[in-house]
Amino acid sequence: MAEDIRIDKWLWAIRVFKSRSDAAEACRMNRVTVNGSYCKPSRELKEGDIVAVRKQQVTYSYRVKDLVSNRQPAKNVPLYADNITPQSELDKLNVPRETIFISRDRGTGRPTKKERREIDALMADLYMEEDD
């Protein structure tokens, strides 16, 4: 389609980011790499380039199949990019968050001193296990 396309425009067009300014900001914050090197939002892409985008704790990887400058419907995205994100990165999305939730009946108020000590002991045990 297009001869030369900016990376921020391409990332927006294939729906990696909701807006082009979000894509440009990610480039400026070194969250986007092309073929292993950080890039500016104005970096021009070629077919076959490998684009890696870090969003939160996951780094998504895409291979450029075709260049596009207009925002595409979600069903057309596979025509322009191959998602080559390794399964190990995708597994990070499903990691259970270790949180402790102690349920208390409504209206029972704050924990008593004895209950608070039990909660602190439980928390201390968990933190000791993580250090091992």
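Where a number appears in this text, it was derived from the coordinates with a stated rule and is not lab data. Note that the structure is predicted; figures quoted are calculated from it, not measured. Here the Cβ is made from the backbone with ideal geometry for all residues, glycine too, and neighbour counts use every protein chain on show.
Some notes on this structure:
- Residue (of 39, 90, 24) at the positive-pole extreme of the chain, dipole from beta-carbon charges: 24
- A cut-off under 14 angstrom between Cβ atoms defines the neighbours of residue 61, and their net charge, with Lys, Arg +1 and Asp, Glu -1, is +3.
- Rounded to the nearest 10 degrees, the inclination of helix 113-131 to the longest alpha-carbon principal axis of the chain is 40 degrees.
- Of the residues 85, 108, 33, the one with the fewest other Cβ atoms within 10 Å heads the list, and the complete ranking is 108, 85, 33.
- Neighbours of residue 42 by Cβ distance under 9 Å: Lys/Arg scored +1, Asp/Glu scored -1, total +1.
- A simple count of charges around residue 81, restricted to other residues whose Cβ falls under 14 Å of its Cβ and scoring Lys, Arg +1 and Asp, Glu -1, yields +3.
- Dipole size of the chain about its Cα centre, with +1 on Lys/Arg Cβ and -1 on Asp/Glu Cβ: approximately 740 debye, rounded to the nearest 20.
- Protection proxy ranking, peptides 35-42, 4-11, average beta carbon neighbours within 10 Å, highest first: 4-11, 35-42
- Normalised by the number of residues in the range 5-94, the average gap of Cα pairs under 8 Å and 6 or more apart makes the relative contact order 27 percent.
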